[in-house]
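A short reminder: the numbers here are calculations on the coordinates, not readings from a lab. Quantities reported herein were computed from a predicted structural model and do not represent experimental measurements. Neighbour counts run over all protein chains shown; Cβ positions are idealised from the backbone, glycine included.
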Amino acid sequence: MIFRAVEDPDLIRKARRGDVEAYNLLISRWEKRVYNYLLRIVGDREDALDLSQDVFLKAYQNLQKLDDPARFAPWLFRIAHNEAFSSFRKRRPEGETVPQSDFAGEDIPASASPAFPIELSIAVTTALGKLHADQREAVILKIYQGFKFEEMAEILSCPVSTVKSRLYTALDVLKTQLAPAKSRGVT
Amino acid sequence: MSCSPFDLRDYLFDELAEENRRQVDQHVRSCGTCHEELERLRITQTTLLALREEEVPQRIGFVSDKVFEPSGVRRVWQTFWGSAPRLGFASAAMLSVALMFFTFFRQAPAVASVAAPDTLRIEAQVAARVNTAVERAVAESEARQASKTAALLAAAEQRFESQRLADMLNVEQRLTVLQKHYNVRENLMARYEPPREMK
């Protein structure tokens, strides 16, 4: 008998056949990443949780439309991206885009790991808050979620060149803000 | 400003091919400016990662409610259409059933009794028409052959008669020539007859 780990495509196939428990297992693997992505986009824990539930419900309803189960992650984050920006549009008057200062980190206390001082987390939160929403989302998808450029392009529905442009512009800003701060903090 | 052969940010995010990555490695070891730039990028990345992910305040999950689950029929239907071999087997099975149904439940005697006279009558009609057509075709063929033969015979007779007349004319001409030769010879003989005293 050969044992192997149950992978996402296995769970997706079971969920497609109506196996809710398999889908719950799939959720448990992805809920933390989706929640944190949304938290950093919308800036409110309650909203992030509500949106996360909506994302997983929508994903379950549209699971039959997922062509390649191996591409589940970018497909799921595409739904999350759409849900987040849909909620922005509902909350704001028509035509008004997401403002530059509307960043999650401003409303929530910075959570740092024991290895890093709280000041560093606050500095990061502040630096991220200075980015444009598109640039910040590119940083979140690349640095915190570890997606490849092609996957980011799929999630954001734009060319890879646009993704790179947003990310590298943001990186220049962050480098100016954080690299000197880090060196001052360490020394 | 970096003088690296490839973008240091692509290198940082592991978006370069292995060969290109090696080239950047070599360059960074020998170039102080690029080494410093790469260090700054790494510090930036590490600093950003100081912001750790939060735990989900409440687990997300769905309960298995019969109202929201697809019905058994729908699930079977989806499963059925989702499997090509099963679909193929089902099609073959349906075809077999259809063939067996028509084999055993077809009203063969009734069809035979009704169809037999018609078939015989039609066969007789067809045979008669075929015979008539064959006879007509043979007669026409024979007539064509006879006319061709007659024409050939007439042509041959005509050629023979012409040849005969030509030959007779030729013989007559030769006879005329011989006759003339003979006359000439007679005249000459008569003209040069030797005197009687010499005899």
Exercise for review: Just tell me how shielded A:16-24 is by partners: mean number of partner chain Cβ atoms within 10 Å of each residue's Cβ, no decimals.
Suggested key: 5
Exercise for review: Treat the count of other C-beta atoms within 10 Å as a stand-in for reagent exposure and order B:101, A:77, B:13, A:88 from fewest to most.
Suggested key: B:101, A:88, B:13, A:77
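Would you tally the net charge around residue B:174, using a Cβ to Cβ cut-off of less than 12 Å, leaving residue B:174 out, and scoring K and R as +1, D and E as -1?
-1
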Practice item. Give me the distance in nm between label points sitting 7 Å out from Cα along the Cα-to-Cβ direction at residue A:89 and residue B:100, one decimal. Key: 5.7 nm
Review point. Sorting B:22, B:191, B:40 on the 10 Å Cβ count, fewest up front, what's the list?
Key: B:191, B:22, B:40
Exercise for review: Answer rounded, prolate or oblate for region B:8-48, using the Cα gyration tensor with square roots of eigenvalues a ≥ b ≥ c: rounded when a/c is under 1.5, else prolate when a/b is larger than b/c, else oblate.
Suggested key: oblate
Revision key, fill the gap. Put in order of increasing Cβ neighbours within 10 Å, starting from the fewest, B:3, A:158 give B:3, A:158
**Study point:** GluC sites (Glu not before Pro) restricted to region A:1-76 and DSSP loop, no more than 16 other C-beta within 10 Å
**Key:** A:7
